[in-house]
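First up is the structure itself, then whatever we jot down about it.
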Amino acid sequence: SQTIHQWPATLVQPVGSPLSLECTVEGTSNPNLYWYRQAAGRGLQLLFYSVGIGQISSEVPQNLSASRPQDRQFILSSKKLLLSDSGFYLCAREPSGRDEQFFGPGTRLTVL
Amino acid sequence: AQTVTQSQPEMSVQEAETVTLSCTYDTSESNYYLFWYKQPPSRQMILVIRQEAYKQQNATENRFSVNFQKAAKSFSLKISDSQLGDTAMYFCAFMKRRNQFYFGTGTSLTVIP
């Protein structure tokens, strides 16, 4: 199974509030995990990726951070949201030995 | 730097007709992977088709096929016998190696009944 769960599905938060988006995966162990953001009418922007527990690489310096406390859990966080953080956030997995990515259902974040 | 360009922001096609979506990319690598992803209104990203650069044969998946021109760095997607369920945003993506995925800005395809 390549099931990926993202929670919550939709979120509306005020500017300056904290954020925690969760991604959990099922199936093979030790997958590479990714966080992408998709702004309205735009393509996907890679934010973070993780090759293992506690290992996080950031692609774009910004207001967000990521953590991987467990093999199948990837969390996207912010201490203080900005208006520009609004968008659609997608978690993806790259199964070990597979050169392709599978995506979760996404979280729509609106910052007001 | 790797870039992926989709020059057609929007396209439409009559049901049962054929449509081709364009994608070009820029890289100095010789070995890489190319993908087309579909994002319907539900926003779920779905892998449509993939192509390994070292393979000369164009990939096909049922009604979906690609025209891969490595020298021209072109990777177009052809959808035959278009169906209403094909209405979606289509993203071309390039992967040089693990952890290095690059997406185009997408083409919005509408299938007209």
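Kindly evaluate A:Ala39 against the criterion of being surrounded by 16 or more Cβ atoms within 10 Å (Cβ to Cβ) and of a type in the set (A, V, I, L, M, F, W, C). It is false that A:Ala39 is surrounded by 16 or more Cβ atoms within 10 Å (Cβ to Cβ) and of a type in the set (A, V, I, L, M, F, W, C). Residues that are part of a loop (DSSP other than H, G, I, E, B), among the β-branched types (Val, Ile, Thr), over 28 Å from B:Thr3 (Cα atoms) and more than 12 Å from the chain's Cα centre (by Cα) are absent from the range A:56-66. All conditions in (1) open to solvent by less than 10 Å² (accessible area, probe 1.4 Å); (2) farther than 30 Å from B:Ala53 by Cα; (3) hydrophobic (A, V, I, L, M, F, W, C); (4) assigned to a strand (DSSP E or B) hold for A:Leu81, with the sole exception of (4). Candidates B:Ser74, B:Ser65: the one that is of a type in the set (Ser, Thr, Tyr), open to solvent by less than 60 Å² (accessible area, probe 1.4 Å), without any contact (Cβ under 8 Å) to a residue 24 or more places away in the chain and out of contact with any helix residue (DSSP H, G or I) (no Cβ under 8 Å at 6 or more places or on another chain) is B:Ser65. Answer with yes or no whether A:Gln45 is open to solvent by 10 Å² or more (accessible area, probe 1.4 Å) and in contact (Cβ under 8 Å) with a residue 40 or more places away in the chain. No; evaluated as a whole, the condition is false for this residue.
What number of residues in the range A:95-108 are modelled with pLDDT under 85 and within 7 Å of chain B (Cβ to nearest Cβ)? Of the residues in the range A:95-108, 2 are modelled with pLDDT under 85 and within 7 Å of chain B (Cβ to nearest Cβ).
Across the range B:23-62, the qualifying residues are those that are outside any strand (DSSP E or B) and in contact (Cβ under 8 Å) with a residue 60 or more places away in the chain, and the one among them that is farthest from the other protein chains (Cβ to nearest Cβ) is B:Thr27. Scanning the range B:83-100 for residues that are open to solvent by 10 Å² or more (accessible area, probe 1.4 Å) and either at the interface with chain A (Cβ under 9 Å from one of its Cβ atoms) or outside any strand (DSSP E or B) (or both) yields B:Gln83, B:Leu84, B:Gly85, B:Thr87, B:Lys96, B:Arg97, B:Arg98, B:Asn99, B:Gln100. A count restricted to the range A:52-76 and to residues that are exposed (fewer than 14 other Cβ atoms within 10 Å of the Cβ) and under 13 Å from A:Glu22 (Cβ atoms) stands at 2. Look through the range A:80-94, keep the residues that are under 22 Å from A:Leu11 (Cα atoms), touching a Lys or Arg at 6+ places or on another chain (Cβ under 7 Å) and not small (Gly, Ala, Ser), and return whichever of them is nearest to the other protein chains (Cβ to nearest Cβ). Looking at residues that are under 22 Å from A:Leu11 (Cα atoms), touching a Lys or Arg at 6+ places or on another chain (Cβ under 7 Å) and not small (Gly, Ala, Ser), I get A:Phe88. In the range A:9-19 there is at least one residue that is open to solvent by 70 Å² or more (accessible area, probe 1.4 Å) and assigned to a strand (DSSP E or B).
The values are calculated or read from the model by the stated rules, or taken from the named source; none is laboratory data. Model, not experiment: these values are computed from the prediction. No Cβ is skipped: glycine too gets one built from the backbone with ideal geometry, and neighbour counts run over all protein chains shown. Note: accessible area is taken over every heavy atom of the protein model, side chains too, but ligands, DNA and RNA are not part of it. Shrake-Rupley method; radii C 1.70, N 1.55, O 1.52, S 1.80 Å.
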